[in-house]
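Have a look at the structure below before the remarks.
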Amino acid sequence: MQENNENKKQVCVSFYAIDQYIEDNIVKPTEKEISGKDFIAWGDHNDYPYYLQNLYDNCATLKSVIDGLSDYICGDEIIVNSEIYSNTINSRGETLADIIRYIAKDLSKFGGFSLNIVRNKLGGIAEIYYLDFKKVRSNKKGTKFYYADDWGKSYGRVKFIEYPSFFDKENVYANSIFYFKNDVNSVYPTPIYSAATIACEIQKKINQYHLNNLNNNFSGNYIVNFNSGQPSDELKEEIENEFYDKFTGVENAGRPMLCFNNARQNETTITKIETSDFADKYSALADRSRQEIFTAFRATPNLFGIPTETTGFSEQEYAEAFKLFNRTTVKPLQDIIIKSFNKIFENDIINIKPFTINFD
């Protein structure tokens with residue numbers, strides 16, 4: 001039996017959505033040599049530390065843990081065992097305690113820190129300046145370092161200052177960089193939470209989802225069908241833009257929609273997309289990603305003033321959790337800082353009075 005082509009109907013359906021998120025947007029901690037340059041790029045576009053900074057700025061859980069860990073590292077008091085260096089350590093009026101607070105944050109955030117060491121004419125330590133770690137790059141052997149305010153430009157346009165290493169055995173330089181990284185097998189350090197960067201991304205995206213859901217009332221929750229044929233691409237774009245302008249966003253919430261149709265069969269239809277336990281799924285995903293971040297730091301939420309659902313917040317639970325956290329995470333980082341300054345001054349120059357718990 002021959003099919004009657006006249007009775008066939010051709011249906012054309014178009015779907016439009018916001019750009020999908022691709023995992024490739026997650027910056028990898030690659031290390032690669034650049035032709036004609038001595039420094040090693042940190043990240044495919046030399047932007048990995050900026051990516052970590054972005055996670056810190058936009059993931060509340062990560063920021064809370066890093067800030068709390070930095071405070072724990074600095075303890076109750078930073079003690080300077082020298083009258084010469086007990087006051088200011090540079091022309092900015094900063095003290096050694098100030099410098100240590102800065103590098104405690106970088107050590108928690110990036111897994112490393114850097115300092116600009118200035119010697120006097122006799123070779124002694126005259127000044128120490130904190131250097132923002134994300135602005136420092138290294139050569140492959142770690143014998144030279146490069147500081148730039150903005151590594152985001154093309155390699156040929158980046159203006160940087162070159163410094164020798166503080167540990168140069170053949171020369172004592174008036175101006176050098178002390179550079180610490182927690183990974184001896186690579187050029188750059190590995191952040192403590194490297195295994196939880198995906199969890200940080202999930203936290204970011206959940207917040208962005210809820211913000212977008214608030215700002216775009218129809219997006220993702222409703223399908224608006226215009227049943228009057230297929231307009232041209234230009235007209236589609238015009239309709240889409242006008243629709244977004246008039247009916248999406250918190251400022252347009254509750255605004256009525258007027259539709260003019262030639263006939264009832266061509267009326268505009270709005271279909272709500274029903275989601276089953278969507279809120280519960282997002283809540284479970286948020287809880288899981290949050291726990292992964294705490295796990296990466298070997299910490300528990302109550303150490304940062306966040307009560308747990310099962311036990312709340314108790315003094316005993318906090319004390320027990322802090323004892324383990326202090327032993328496995330805080331004290332090793334304190335030791336790194338103390339030993340680093342002892343190397344710089346060739347003396348036991350600082351001590352950190354450990355953080356003590358006093359609920360009274």
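Tabulated results
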| quantity | calculated |
| --- | --- |
| Among the residues listed as 162, 170, 201, 127, the single one being closer than 18 Å to residue 50 by Cα and acidic (Asp, Glu) | 201 |
| Answer residue from the range 141-190, given it is in contact with a strand residue (DSSP E or B) (Cβ under 8 Å, 6 or more places away or on another chain) and of a type in the set (Asp, Glu) and is modelled with the highest pLDDT among those | 162 |
| Residue selected from the range 280-333 under the condition of a type in the set (D, E, K, R) and in a loop (DSSP other than H, G, I, E, B), by the criterion modelled with the highest pLDDT | 298 |
| When residues of the range 74-111 are limited to those that are among the small types (Gly, Ala, Ser) and either modelled with pLDDT under 95 or part of a strand (DSSP E or B) (or both), the one nearest to the chain's Cα centre (by Cα) | 86 |
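The values are calculated or read from the model by the stated rules, or taken from the named source; none is laboratory data. For clarity, every value in this text was computed on a predicted model and none was experimentally measured. When we count neighbours, we look across all protein chains shown, and the Cβ atoms used for this are built from the backbone with ideal geometry, even at glycine.
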